[in-house]
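Engineer: Sharing a structure, written as C-alpha cells. Questions coming.
The values are calculated or read from the model by the stated rules, or taken from the named source; none is laboratory data. Source: prediction; values computed, not measured. In this analysis, Cβ positions are derived from the backbone assuming ideal geometry, glycine residues included, and neighbour counts consider all displayed protein chains. The accessibility values were calculated without ligands, DNA or RNA, using every heavy atom of the protein model including side chains. Shrake-Rupley method; radii C 1.70, N 1.55, O 1.52, S 1.80 Å.
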Amino acid sequence: MKSISFISPFLLGLIFSFPGQSQTTIAVETATYAIVLQADKENMLSTVYCGNKLDAPADYNGIAETSRYPQGNAGIYNNAYTPAGTWNLSEPAIQVTHADGNHSLDLKYVSHLITKPDANTSLTAITLQDPVYKLTVQLFYKTWNKENVIEQWTEISNKEQGPVVLQKYASANLYFSNKDFYLTSFQGEYLKELQPMEEKLLQGTRTIDSKLGTRAMLLASPNFMVSFGGPAKENSGTVMLGQLAWSGNFKLDFEVDSYKNLRLITGINPYEAAYTLQPGKSFKTPSLVYTLSNTGTGEASRQLHNWARKYRLLDGQGERLTLLNNWEATYFDFDENKLSGLFKDAKKLGVDMFLLDDGWFGNRYPRNNDNAGLGDWQENVKKLPHGIGYLVKEAKAAGVKFGIWIEPEMVNPQSDLYEKHLDWVIRQPQRPEKYYRNQLVLDLSNPEVQNFVFGIVDDLFTKNPELAFVKWDCNAVIYNAYSAYLNKNKIPQTHLYTEYVKGLYSVLERIRAKYPKVPMMLCSGGGGRADYEILKYFTEFWPSDNTEPIERIFLQWDYSYFFPSIAIDCHVTDWGKQPIKFRVDVASMGKLGFDIVAAKLSENDLAFCQQAIKNYNSFKDIVWHGDQYRLLSPYENTAAAIEYVSEDKSSALLFSYLHSNRFVINATERPIQLKGLDAAKKYAVKEINLYPGTKSTLEDGKIYSGDFLMNVGLNPDVNYGRTSVIIQINEVVK
Ligand code: GLA
C-alpha cells in the first residue's frame, strides 16, 4: 500500500513510516507549484518532482516510475538531502565527523509532520535519521500558497554521546529534471553591485560563493535566477528566483549531473566553517527562499515583492520617510550651525526627515575623515557642542524629523575603543593588521561585543526618544579572521564566520524587541548586504554608493528582481551629467531621498524638486505597495520603462528614460504596452514632473480604455529633448 500526504487543511498530522513498509509520498504545494518527495522501500528520501501542481494528489505517487534513468552511476543524484561518506558519491548536502571520529553518514526517512499555521501558509517538517549514529536531520519547507514562495531550511540534531563536527550543512538540496537550465547570477564589485550574468549550465558544477565574512555580497550575491528550457524571459517561461537568506559567507552550487538534470545545493559556505555540535544540541541552517513562476521573471518578482512586503521586510506594508542626507553635501565637514541650515533646506525642499551621516562622533580621535574615531560613539564636542539632543530639537523646530548614521560593527585602530578593547577586534594577534577602509571588524561572536553594539543604538534612543531613523552601515570585510573570545572559551575558530552572523542577528533581535517600529536603513558601503533574513529587522536598504542616474536605471532594474521598491533607497545626488529632473525621476521609482546641497539649487531646479516631492507624496503608495511591471529593459532598448499599478487597478504610473544616445532620434518609436490594468476601465493619462517652463508633448488628460493601453499601448515620447518622462494613469470614475 502506498501512502501519500499533501499540504491541505484537511490532512494534518504526524505520519510515520517503518523500514520495509510502503513508500511515502510528500507533496509540498503552493497555489501552482509542487515539490514532491518520496521515500522508497529502504526509506531513502528523494525529490521526484518539481513542477506544476497536479489536480489529484494521488497522482504524485506515480511520478517516480515514469523516469527510466540507466543504473550504474556513482550515486543517487536526487536525494532529498545528500549525505556523505557512505553510498552516495555525488556532491553532499551534509558531511559530518561523528563523536567517535567516523565520517560516514546515511539518512533514512522516519516521519513527517504537516501543520498549517494559517490559511495561506503551511509547514512541512520531515525527519531523517542515521540508522547507525544518533544524528537526526529535519528538513523544513514553509510555503506561502498565494505568493508561490517556499522557504526551506534544515535542523541537524546531535543525539550522540559526544560532539559531532558538521563539516558541511546545506540549507537546501533541490533537484530539477527539466531540460536545459540557464543560470543568471549577480556579481560585481564596489559601485557595480548586482550585475546580472546569464549562462547556460553545462554538465559539471557552477559555484557562486562569498568568503568576505561581513559585507559578503560585495562581489557576488546570494540571489539567483534559474530559467528552465531557455534563457529567462520577463513574461513567459518557467523561472525560479531564489536567495540564500544569510548575511555571511554563502555557497550556491548548481550541478548539472550526468542525466543533464540540475542539482542545487545552497547554504553557509563550508570554507573555514566546520561547526562542532555538542551532544543534545541542534543547528538550524539559514533559509533558502525561492519562488517559481510559469509566466516569466515579471510574475516571479511580483510574487517575491508581495511576499516580502507582507511577511518579511520590517513594516513592509507601512510608510517610509523621504529624506535629505548630508553625506555628499558635507562629507565630514560640518558643525551644529551648518546642520541647522540643512534642516531648513530639508523643510524647504519638502522632505520628511534630515539624515546626519558619518562624522558626528569621536573626541580624542575625532572622526574628521575615515582614518579615525570609528568605535567612539560620543558626539564630537567641537562639531556638536550641544549634542544630538539639540539637533533633534532643532530639526523639529525646522519642521523635519531627525535620523542618524552609525557603523556599530566596526572600529578604527585610531580610537579609544581599539586601545581599550583590543580583544574585541577580529585580527590575527601575530600578524600585521590589514585594513579595509582603514578599519577592522568587531568580534560579534563575543557576547560583550554584542552588548556594546546593542548599547550604541539603545543609548541613542534612550537619550533621544524622538530620533526617527537609523542608517546602519558596515564598510569592511573580515581580513585575518581570528577571535580572541572563541580562543579563550576553547571554541573552534571555524565557528567565527557563523557566530558573527548569529551574533549580529541576536543584537538586531534585541533592538527590535525594544524599538519595534523605528525605520532603519541597511547599508554596507553600497550593496554589500541585503537579504531576507537581515531585512526582518530593516525597513529598507542602500543598494549602491553609485547614484549616477543612468547606472541607477540598471541597478534598480536588477535589484527589482528580488526586492520591492519600498525597500530600495534611491537618492538624488550630483553624480552624473543628467539634469535634476532625470535624477529625481529615476530616484522616484524607489524610496526617495536627496543627498545634494539644496541651497545651491537654481530657482527652477528647486521649484522642480519641490513639486516633484509633492507629486511623489501623491503617488508613493503605488510605488511602495503596488505591482511592478518591467516593460522595456534597458539591456535591450535605448529607452527603459517601468510601470507600477495600484492593487485595485485604479491608478498606475509609467516611468520611461532615454539611457543611451546611440542611433536615437525618438527612443520610443513604438507605443509601450502597459500591463496589469483593468481592460474594462477608462483611464485618463497625464504627464507629471514637468520641469518649469516645459510642456508635455502628450495631450493632457486624454482618456483611453485599459484594453487600448494594454493592447495598443501608450507612447511617452522619450527622445533627446525629453529624456525622462513620468505619466500618471488614473481611472476615470463617472
Ligand atoms: C559608506 C556609505 C555611504 C556613507 C559613507 C560614510 O560608504 O555607503 O552612504 O554613509 O559610508 O562614511
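Engineer: Given +1 on the Cβ of Lys and Arg, -1 on the Cβ of Asp and Glu, and no further charges, what dipole in debye does region 419-462 carry about its Cα centre, rounded to the nearest 20?
Structural biologist: Values: 5 positive and 7 negative charges, 69 e Å.
Using Cβ point charges on Lys, Arg, Asp and Glu, region 419-462 gives about 340 debye.
Engineer: What is region 406-531's relative contact order, in percent, from Cα pairs under 8 angstrom and six or more apart in sequence? Mind showing how you got there, number by number?
Structural biologist: On the way: 172 pairs, mean separation 41.0, N = 126.
33 percent.
Engineer: In addition: For the pair Asn451 and Tyr390, what calculated FRET efficiency results from E = 1/(1 + (r/R0)^6), where r is the Cβ-Cβ distance and R0 = 41 Å, to the nearest 0.05? Before the final figure, lay out the partial values.
Structural biologist: On the way: r = 28 Å, r/R0 = 0.67.
Computed FRET efficiency for Tyr390 and Asn451: 0.90.
Engineer: May I pose another question? Provide the convex hull volume over Cα atoms per residue for the chain, in Å³. Write down the numbers at each step before the final one.
Structural biologist: Working: hull volume 123.9 nm³, N = 734.
Measuring per residue, one finds 169 Å³ for the Cα hull of the chain.
Engineer: Here's another thing I want to ask about it. Have a look at Asn43, Ile268, Ser247 and report the one farthest towards the positive end of the charge dipole of the chain, computed about the Cα centre with Cβ charges (Lys/Arg +1, Asp/Glu -1).
Structural biologist: Toward the positive end, the furthest listed residue is Asn43.
Engineer: Find how much the distance from Glu272 to Lys382 grows on full extension, using 0.36 nm per residue of separation minus their present alpha carbon separation; answer in nm with one decimal. Let's see the in-between values first.
Structural biologist: Numbers: separation 110, 0.36 × 110 = 39.60 nm, distance 4.46 nm.
Difference between extended and current length: 35.1 nm.
Engineer: So what is the accessible area of the chain per residue, in Å², with the probe set to 1.4 Å?
Structural biologist: Numbers: 28050 Å² over 734 residues.
In whole numbers, the chain has 38 Å² accessible per residue.
Engineer: Let me know the whole percent of all Cα-Cα pairs from region 23-99 that are separated by more than 20 Å. Walk me through the numbers before you get to the answer.
Structural biologist: Working: 1136 of 2926 pairs.
Looking at region 23-99, the distances longer than 20 Å represent 39 percent of pairs.
Engineer: Then there is this: How would you rank 367-379, 690-702, 286-298, highest first, on the average number of other Cβ atoms within 10 Å across their residues? Mind dumping the intermediate values first?
Structural biologist: Values: 367-379: 21.2, 690-702: 12.6, 286-298: 23.1.
In descending order of packing, they fall as 286-298, 367-379, 690-702.
Engineer: Let me check I have the definition right: for region 269-326, take the eigenvalues of the Cα gyration tensor, multiply each by 5, take square roots. What are those semi-axes in whole Å, largest first?
Structural biologist: Working: eigenvalues 223, 92, 35 Å².
Over the Cα atoms of region 269-326, the ellipsoid semi-axes are 33, 22, 13 Å.
Engineer: Once whole DSSP H runs in the chain are found, which of them have Cα atoms spread over 30 Å or more along the helix axis and a mean Kyte-Doolittle score of at least -1.0? Numbers along the way, then the final one.
Structural biologist: Working: long enough: 603-625 (33 Å, -0.58).
Correct list, ordered by number: 603-625.
Engineer: First compute the accessible area of region 621-684 with a 1.4 Å probe, then give the percent of it belonging to carbon and sulfur atoms.
Structural biologist: Details: 1270 of 2810 Å².
Result for region 621-684: 45 percent of the exposed heavy-atom area is carbon or sulfur.
Engineer: By average Cβ neighbour count within 10 Å, what is the ranking of 155-161, 490-496 from highest down? Let's see the in-between values first.
Structural biologist: Details: 155-161: 18.1, 490-496: 16.3.
Highest-to-lowest ranking by the protection proxy: 155-161, 490-496.
Engineer: To the nearest µm²/s, what D does Stokes-Einstein give for region 600-734 at 20 °C and 1.002 mPa s, using the Kirkwood radius over alpha carbon pairs as Rh? Don't skip to the end; give the middle numbers.
Structural biologist: Values: Rh = 15.4 Å.
Estimated via Stokes-Einstein, D reaches 139 µm²/s.
Engineer: Show the residues, 5+ positions off or on another chain, whose built amide H is closer than 5 Å to the amide H of Tyr49.
Structural biologist: For Tyr49, the qualifying residues are Val36.
Engineer: For region 232-246, what does the Karplus curve 6.51 cos²θ - 1.76 cosθ + 1.60, with θ = phi - 60°, yield as ³J(HN,Hα) per residue in whole Hz, taken in order and with x for Gly and Pro?
Structural biologist: Result, rounded to whole Hz: 5, 10, 6, 10, 8, x, 8, 9, 10, 10, x, 7, 7, 7, 7.
Engineer: Treating cross-link reach as a plain straight distance, find the lysines whose alpha-carbon is under 30 Å from the alpha-carbon of Lys382, omitting any fewer than eight places away in the same chain.
Structural biologist: Of all the lysines, those that pass the test against Lys382 - Cα under 30 Å, at least 8 places apart if same chain - are Lys338, Lys344, Lys347, Lys348, Lys393, Lys396, Lys401, Lys420, Lys463, Lys471, Lys600.
Engineer: With no solvent and one equal point scatterer per Cα, compute the Debye intensity ratio I(q)/I(0) for region 62-158 at 0.21, 0.24 Å⁻¹ and report its log10, rounded to two decimals.
Structural biologist: Here log10 of I(q) over I(0) equals -1.10, -1.21.
Engineer: How many nm is it between the label spots at Thr462 and Lys338, if each spot is 7 Å from the Cα in line with the beta carbon?
Structural biologist: 3.1
Engineer: Calculated FRET efficiency, Tyr69 and Ser236, Cβ-Cβ r, R0 25 Å, to nearest 0.05?
Structural biologist: On the way: r = 29 Å, r/R0 = 1.17.
That gives a FRET efficiency of 0.30.
Engineer: In whole Hz, with x marking every Gly and Pro, tabulate ³J(HN,Hα) for region 399-409 from phi via Karplus 6.51 cos²θ - 1.76 cosθ + 1.60, θ = phi - 60°.
Structural biologist: So the Karplus estimates, Gly and Pro as x, are x, 10, 7, 10, x, 9, 8, 9, 9, x, 8 Hz.
Engineer: Round to a whole number: what % of the accessible area of region 496-603 belongs to carbon and sulfur, probe 1.4 Å? Let's see the in-between values first.
Structural biologist: On the way: 1500 of 2710 Å².
The computed percentage sits at 55.
Engineer: Related question: Ordered by packing density, taken as the mean number of other Cβ atoms within 10 Å over each peptide's residues, highest first, how do 713-724, 595-606, 447-458 rank? Don't skip to the answer; put the middle values down first.
Structural biologist: Numbers: 713-724: 19.7, 595-606: 15.9, 447-458: 17.6.
Put in order of decreasing packing, that is 713-724, 447-458, 595-606.
Engineer: How many angstrom lie between the C-alpha centres of region 519-548 and region 662-734?
Structural biologist: A separation of 32 Å, based on Cα centres.
Engineer: Here is a follow-up. Taking R0 as 35 Å, what's the FRET efficiency between Arg364 and Lys281 from their Cβ-Cβ distance, rounded to 0.05?
Structural biologist: Values: r = 43 Å, r/R0 = 1.23.
The calculated FRET efficiency here is 0.20.
Engineer: Follow-up. Please get the size of the charge dipole for the chain, origin at its Cα centre, with Cβ charges of +1 on Lys and Arg and -1 on Asp and Glu, quoted in debye to the nearest 20. Working shown, then result.
Structural biologist: Details: 75 positive and 82 negative charges, 112 e Å.
Roughly 540 debye for the chain.
Engineer: Put a dot 7 Å past each Cα toward the Cβ at Asp118 and Lys695; how far apart are the dots in nm?
Structural biologist: Placing both labels 7 Å along Cα→Cβ, they lie 5.2 nm apart.
Engineer: Under the definition of Cα pairs under 8 Å and six or more residues apart, what whole-number percent is the relative contact order of region 84-129?
Structural biologist: Worked out over region 84-129, it gives 30 percent.
Engineer: List the lysines whose Cα sits under 16 Å from the Cα of Lys251, skipping any in the same chain fewer than 8 residues away.
Structural biologist: Cross-link targets: Lys168, Lys211.
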